[in-house]
Amino acid sequence: MIKEIHIKSFGPIADLNEKNLGKINLIIGHNGSGKTFMLKTLFAATKTVERFQRGNDPRTTKELLSNCLWWTFQTKQLKDLVKKRDDKLEFLMKNEKGESFSFEFGNSTIKEVSSVQNNYTPTETNSIFLPAKEVLSLQNIILSSRENSQVFGFDETYFDLAKALRPSIKGRNAESFSNARKTLKTAIGGRIQFDDKKNTWIFKDNQNRSFDIDITSEGIKKISILDSLLGNHYLCRDSIIFIDELESNLHPQLIRQFLEIISLLAKDGLQFFITTHNYFVIKRLYILAHKYKISVPTFSFSDKEVSISDLKDEMPSNPIIDESINIYKEEISL
């Protein structure tokens, strides 16, 4: 679990510090304010820590981080990630054990980060990034574009997810995971499966009817990805899940059910970082924070700064909230 972060001069993020992250963390703000940038930054750092000394990979922490930043942000030169020409980009994260991972670089960095400090213990834990768009129908294209063509297009978050959907480890799930999967199956009315004969994903509904993945709704495919990662044992209790625009392609009822499942998984150990533009998502998390008496640190991005609050205490001050209030005021004035 990430407990503390410090990000300075990283893309649109000028300066961000938080020393008490929770199991569920919310990131809100308008387009281009830095929400997804923050999510991808945490993803790149987390995957670097997880990949270090895993299997037969001989790469150093510097090599792993540089490669992950390169493919995650797909910039021609890493120095393009530095907010201003004369700034020095800084990043630090610590876990609940006090282990830390940090790096920094300036405007002369091309492909390799020179200053990296890693005190994390090597781990077998896998974390994952769930992008706004689903990947099931594009899985083979994503894999081919990186493994064969080595070209920019689908960034590292898509490629990592496409690979994560491959393994299928037999065995029983933890009880909480099994319960979450049952709830997910009920919510979407079925479950996706990989058809080995056709070499493709299919959706099998609760009446045992099968549908090609290409004609299955975007919302069902998006929710099904989490179900698959729980089912194939890729995720464990210490995994971190980064969800970009949770509300994308989901109707309100499915959003409510999805957030309820997230809160239960967080209680069991998983950590979540979620971005949203949606007032309904914020309000539901506010209710869950009070229902389960949990902390939900909230990062509110604006043009000038990032303010941090907690949904267990209050709704944040943000243009998304303000606009919802304005609509309500306009309604009652009619």
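Confirm whether Asp214 is touching a residue at least 40 places away in the same chain (Cβ under 8 Å), in contact with a Lys or Arg (Cβ under 8 Å, 6 or more places away or on another chain) and not aliphatic (A, V, I, L, M).
no
Could you please give the count of residues in the stretch 38-69 that are surrounded by fewer than 19 Cβ atoms within 10 Å (Cβ to Cβ) and either touching a strand residue (DSSP E or B) at 6+ places or on another chain (Cβ under 6 Å) or of a type in the set (Ser, Thr, Tyr) (or both)?
Here the count works out to 2.
Looking at Pro167, Pro122, which is the one that is loosely packed, with under 13 Cβ neighbours inside 10 Å and modelled with pLDDT of 85 or more?
It is Pro122.
If you go through the stretch 238-271 one residue at a time, how many are under 14 Å from Asn179 (Cα atoms) and either touching a His at 6+ places or on another chain (Cβ under 7 Å) or assigned to a loop (DSSP other than H, G, I, E, B) (or both)? It would help to see each step written out before you state the result.
Restricting attention to the stretch 238-271, the residues satisfying the condition of being under 14 Å from Asn179 (Cα atoms) are 257-258, 260-268.
Those still in the list that are either touching a His at 6+ places or on another chain (Cβ under 7 Å) or assigned to a loop (DSSP other than H, G, I, E, B) (or both) too: 268.
Going through the stretch 238-271 one residue at a time, the tally reaches 1.
From the list Ser144, Ser217, which residue is of a type outside the set (D, E, K, R), closer than 24 Å to Gln253 by Cβ and at pLDDT below 90?
Going through Ser144, Ser217 in turn, the sole match is Ser217.
Please return the ranges of strands (runs of 3 or more DSSP E) entirely within the stretch 1-103 where 2 or more residues are on the phi > 0 side of the Ramachandran plot and among the acidic types (Asp, Glu).
none
Find the residue count for the stretch 104-118, including only residues that are touching a strand residue (DSSP E or B) at 6+ places or on another chain (Cβ under 7 Å) and either part of a loop (DSSP other than H, G, I, E, B) or over 12 Å from Asp80 (Cβ atoms) (or both).
9
The values are calculated or read from the model by the stated rules, or taken from the named source; none is laboratory data. Since the structure is predicted, the reported quantities are computational estimates derived from the model, not experimental observations. Cβ atoms come from the backbone with ideal geometry, glycine included; neighbour counts cover every protein chain shown.
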